[in-house]
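The values are calculated or read from the model by the stated rules, or taken from the named source; none is laboratory data. In this text, all values refer to a predicted model and were calculated from it rather than measured experimentally. Note: ideal-geometry Cβ built from the backbone for every residue, glycine included; neighbour counts use all protein chains shown.
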Amino acid sequence: MKHSIKGKFSILLFLTTFLISAVLIAFSTVVVRRYIDDTYKENSEKASYVAAASVNAKDVEVLRDNVMSVYNRSDEIILSSDWGSDAFNAYQEQYEFIYDLPEYDSVVNSLRVVQDGSRVDCIYIYYPVIEDGDCNFVYLADAAEEDPCPIGCVDHYDWAKEQAAMLKSDPEAGIKAYITNTDEYGWLVSNMIPIFNNERDIVAYACTDISMDAIRKTQNEFTIELIGMAIVIMLIIYIISIIVINRSVVRPIEKLSDTAKNYWSDGKSGVRDDFAKLDITSKDEIGILSESMKKMETDINNYFTSLDETKKELDFVQEESAAMKELATKDALTGVRNKAAYDKEVERIEGLFLDGTLDSYGIAMVDLNYLKKTNDNYGHDKGNISIKKICYIVCNVFKHSPVFRVGGDEFVVILMNSDLQSIDDLMKEFRDTVASYTNNEDLDPWERVSAAIGYAVYDPGRHNNATDVFKHADERMYEDKTRQKAGRE
């Protein structure tokens, strides 16, 4: 079968525009989907990390022990797949007493603070029961305001065996964020992050669910719009290109062919100007193609502009998640870091010390005197003023060392570098400063703060770890408190 040049160009142009549009659509869809999936996974894990750091591990441990006590003595475990049945309701009645525990309120309130701040769908605490290579996931607490999963509710998924193997192999890693699509929950990104107690034992797992149904719907709608736009663009390019090819290629060739056929038809001989009279140019085709590509580029730029706006919105969510994570390690009253931050800093310091990056370190322990007396006589708001006042003094004296509030009236300073080298001078400065407040009769009683202080420097012959240094500093602090008491008597 013979094809004209016009037909060949038409087929080639159609296939080219179709393939380019298909590749761009496929590539854009894959890139956008991967970016959104990674972002949702990251936000999910950040929320779980904040939740794991925010809840009181001891309270979670109390919940776990009570729940597992009921679970272990139950004759039959009723799964959440039987939700609403008489057997399920009877099984759940065994756990009713746990809702009255103060630890339950503490844990749920902490989870809801993180849930509200992270703008996720659900944050809850699981305890995995691994038996014979399979796993049941038992709810200890659910922060959902509406229809929360009840305490002791047991989930079992098709992929439970796989997760059981992961938790058994490396329980401290938890379950990294993964995406599922089920008839019951739709598109969902989930993860499990371990909750550690002070002994670094895993108490349970903080979990976060973020629904991806809305973003998946938006993706699908956007893909359909992109396909429609690509089809329109393809048709426009095809029609314009056919017209241009016909004018720039086919017609000039026809003119050349007609001119050649009729060149001698008039019987004239000698000099001729038939071809010289033809106004044929070959530059317009490249120019039109260039403009077409520019138009396609404009459309692609508009598409990625919309992607950039979506990325900014996702970055905003990430910033809020980071802010929530910071709040989890900051003391609300004084603004210094809290006990959780202290534990992480100690772990980091010990790592630096072990690998030789840090030569030595010390710990100073500060205890505010008479806080209970101030609270009883003047109220807790005045007690808070005393706490912030002594915190200000500690931070002002130990300018080059991190300060942590580890208890109601207790502060810890991790001494390094220049503060460690000049510790004796700083101890004197601290005592003199505190004394200037204590003896200033122009101040209100709750501003005339008094405090005991003690410090210890890591000694390999006496201390095995930072905990030993902390205890030593605490002992010296109490010695100072005893001396102050003896001096008053």
Every pair of residues 6+ apart whose Cβ atoms lie under 8 Å, when the first sits in region 57-73 and is of a type in the set (Gly, Ala, Ser) while the second is surrounded by fewer than 20 Cβ atoms within 10 Å (Cβ to Cβ): ALA57/PHE196; ALA57/ASN197; ALA57/ASN198
Boolean, TYR157 is farther than 18 Å from TYR185 by Cβ, under 27 Å from the mean Cα position of the chain (by Cα) and not aliphatic (A, V, I, L, M): no
Of all residues making up region 179-190, the number that are in contact (Cβ under 8 Å) with a residue 24 or more places away in the chain and assigned to a strand (DSSP E or B): 6
Selection within region 344-367 - acidic (Asp, Glu), outside any helix (DSSP H, G or I) and closer than 20 Å to LYS471 by Cβ: ASP367
Test result for VAL120, over 24 Å from ILE77 (Cα atoms), touching a Lys or Arg at 6+ places or on another chain (Cβ under 7 Å), among the hydrophobic types (A, V, I, L, M, F, W, C) and touching a residue at least 40 places away in the same chain (Cβ under 8 Å): no
Flag for VAL366 being closer than 30 Å to GLU45 by Cβ, in the same structural domain as VAL449 (by TED's automatic domain parsing) and modelled with pLDDT of 95 or more: no
Tabulated pairs, region 351-366, first over 12 Å from ILE453 (Cβ atoms) and touching a residue at least 60 places away in the same chain (Cβ under 8 Å), second outside any loop (DSSP other than H, G, I, E, B) and of a type in the set (Gly, Ala, Ser), C-beta under 7 angstrom, 6+ apart or interchain: GLY362/ALA456
Subset of region 410-440 [under 10 Å from VAL366 (Cβ atoms) and surrounded by 20 or more Cβ atoms within 10 Å (Cβ to Cβ)]: PHE411, VAL412, VAL413, PHE430, VAL434
Residue match in region 205-213 (condition: out of contact with any Lys or Arg (no Cβ under 7 Å at 6 or more places or on another chain), modelled with pLDDT of 80 or more, closer than 30 Å to ASP37 by Cβ and part of a helix (DSSP H, G or I)): yes
Count of residues meeting criterion [in contact (Cβ under 8 Å) with a residue 12 or more places away in the chain and within 24 Å of LYS471 (Cβ to Cβ)] in region 406-459: 29
Filtered residues of region 87-117 (kept if loosely packed, with under 13 Cβ neighbours inside 10 Å and in contact with a Phe, Trp or Tyr (Cβ under 8 Å, 6 or more places away or on another chain)): none
Residue among TYR49, TYR91 that is over 20 Å from the mean Cα position of the chain (by Cα), part of a helix (DSSP H, G or I), at pLDDT 90 or above and of a type in the set (Ser, Thr, Tyr): TYR91
Out of ALA456, ALA451, sole residue that is surrounded by 14 or more Cβ atoms within 10 Å (Cβ to Cβ) and either in contact with a His (Cβ under 8 Å, 6 or more places away or on another chain) or of a type in the set (Lys, Arg) (or both): ALA456
